[in-house]
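Down below is the structure, laid out as structure tokens.
What follows draws every value from the coordinates through simple rules; no lab data is involved. The structure displayed is predicted, hence computed values, not measured ones. Ideal geometry is used to build each Cβ from the backbone, glycine not excepted, and the neighbour counts take in all protein chains shown.
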Amino acid sequence: MKNKIKIFIIFILLLFNGIIFGEAPIFSGNIAYQYLTKQTNFGPRNPGSKGYENCKKWLIDFAEKNSDEVKLQNFIGKDPKSKKQIPMTNIIARFDPKNTKRIMLSAHWDTRPWADEGNYKKNEPISGANDGASGVSVLLHIMELLNMNDLNFGIDIVFWDGEDLGRPGHTYEFCQGSRYYSLHIIKPKPQEGIVIDMIGDADLKVFFEGNSMVFNLDLMIDIWDIASKLNYEKYFIKKYGPIMYDDHVPLSYIAGIPTIDIIDFKYPNENTNYWHTHNDTADKCTPKSLKIIGDILIYWLYNR
Ligand SMILES: [Zn+2]
């Protein structure tokens, strides 16, 4: 009898520790980094390119193996320079697809067709290791971990197309995939979301982002507090950084999914710029930075 009571107490303790339901898995920066180089090895992934087509097949295949349901949103986007219409695809990997209590994690999978911020080969497409592959790599590994460790709410992991197909200064030309989704929401609609973008930088410094503060202040504070709890405060700084027009803007404004943007826009720092140049390559990103982001997101997911 005593033993039965003991076993019962241990069971209850395990339950409250989340060991039985939703034990937090361990995120590996090295695995995520392999997914980053897998993408960059396809070459530039600007819409319509060979690298884009090959990477798309690989992402869809990965999502089909590692989630409950995959939805593809095919739509016609636009190249604002050539004025040509381009077929595009948002890739949506869903967990517990009927659960009405759900959240969204997303990143853009397309890369920029021009190196317009650099000083050479300005009209050629970039590798997009940080601006494209980094966010997707973290979410691919999270997808794998979610597949093995159930949660009691639904999750949509989304890879946006056409995020980076806009001319400088024409913000409305960017974020084509998230805008399309926001007008064609896959239901049930997530209650909140996180966008990750440019988070592979070896010199990772993520600041509060102004639009995120307006869209979902509580979530922004939660994430930065989790970073402090995990001893990552020197990478997640509680000070204001640049205000970004990113996929969280259509998601929050049009879809009504209050979303924050985790982005390190100074790549690598105030003095040097790899963003939208041919220097945005895999060697500028590290497994460690991917792990910091992965650890924070996993902690958030498994302690909600
Ligand atoms: Zn970009």
Worksheet item: How far is helix 2-16 tilted, in degrees, relative to the longest principal axis of the Cα atoms in the chain, given as a value from 0 to 90 rounded to the nearest 10?
Response: 20 degrees
Worksheet, complete the sentence: Output ordering of 50-56, 35-41, 166-172 (per-residue mean of other Cβ within 10 Å, highest first) is 35-41, 50-56, 166-172
Worksheet item: Which residues does a label at Asp150 reach in segment 83-100, if reach means a backbone N under 19 Å from a point 7 Å past the Cα toward the Cβ?
Response: 94-100
Worksheet, complete the sentence: The answer for Phe236, listing residues at least 5 apart or on another chain whose modeled amide H is closer than 5 Å to its amide H, is Val206
Practice prompt. At 7 Å along the Cα-to-beta-carbon direction for both Lys65 and Lys50, put a label point, then send me their distance in nm to one decimal.
Written response: 2.4 nm
Discussion item. Give me Val249, Val138, Val214, Val158 sorted ascending by neighbouring Cβ count inside 10 Å, so fewest comes first.
Written reply: Val214, Val249, Val158, Val138
Item to complete: Return the calculated 222 nm mean residue ellipticity for the chain, to the nearest 500 deg cm²/dmol, obtained by summing -39500 (n - 2.57) across DSSP H runs with n ≥ 4 and dividing by the residue count.
Response: -10500 deg cm²/dmol
Worksheet item: Which whole-Hz ³J(HN,Hα) couplings does segment 283-291 yield from phi under the Karplus relation 6.51 cos²θ - 1.76 cosθ + 1.60, θ = phi - 60°, glycine and proline marked x?
Response: 5, 8, 10, 10, x, 4, 5, 4, 5
Fill in: Helix axis angle, 135-148 relative to the chain longest principal axis, alpha carbon, degrees
30 degrees
Worksheet item: If you take the Cα Rg of segment 251-294 and divide it by 2.2 N^0.38 Å, with N the number of residues, what do you get?
Response: 1.52
Worksheet item: Which ³J(HN,Hα) values in Hz, rounded to whole numbers, follow from the phi angles of segment 195-201 under the Karplus curve 6.51 cos²θ - 1.76 cosθ + 1.60, where θ = phi - 60° and Gly and Pro get x?
Response: 9, 10, 8, 6, 10, x, 3
Response to the item:
For the pair Tyr253 and Tyr120, the simple spin-label estimate (label points 7 Å beyond Cα toward Cβ) gives in nm 3.8 nm
Discussion item. Can you compute 3J(HN,Hα) from phi for each residue in segment 210-225, using the Karplus curve 6.51 cos²θ - 1.76 cosθ + 1.60 with θ = phi - 60°, rounded to whole Hz and x for Gly and Pro?
Written reply: x, 5, 4, 4, 6, 6, 7, 4, 4, 5, 4, 5, 3, 5, 5, 5
Worksheet, complete the sentence: segment 81-206: relative contact order from alpha carbon pairs under 8 Å, six or more residues apart, as a whole percent, is 39 percent
Discussion item. Contact order normalised by length for segment 25-302, with contacts defined as Cα pairs under 8 Å and 6 or more residues apart; what percent is it?
Written reply: 25 percent
Worksheet item: Over the alpha carbons of the chain, what is the largest minus smallest coordinate on each principal axis, giving the biggest first in Å?
Response: 78, 39, 36
Worksheet entry | Cα-based Rg of segment 163-304 normalised by 2.2 N^0.38 Å, two decimals | 1.05
Discussion item. Quick query: amide H of Glu69 versus all other amide H atoms, modeled in the peptide plane; which residues come in under 5 Å with a sequence gap of 5 or more or a different chain?
Written reply: Arg94
Discussion item. I'd like the orientation of helix 29-41 relative to the chain: the angle between its Cα long axis and the longest Cα principal axis, in ° from 0 to 90, rounded to 10.
Written reply: 30 degrees
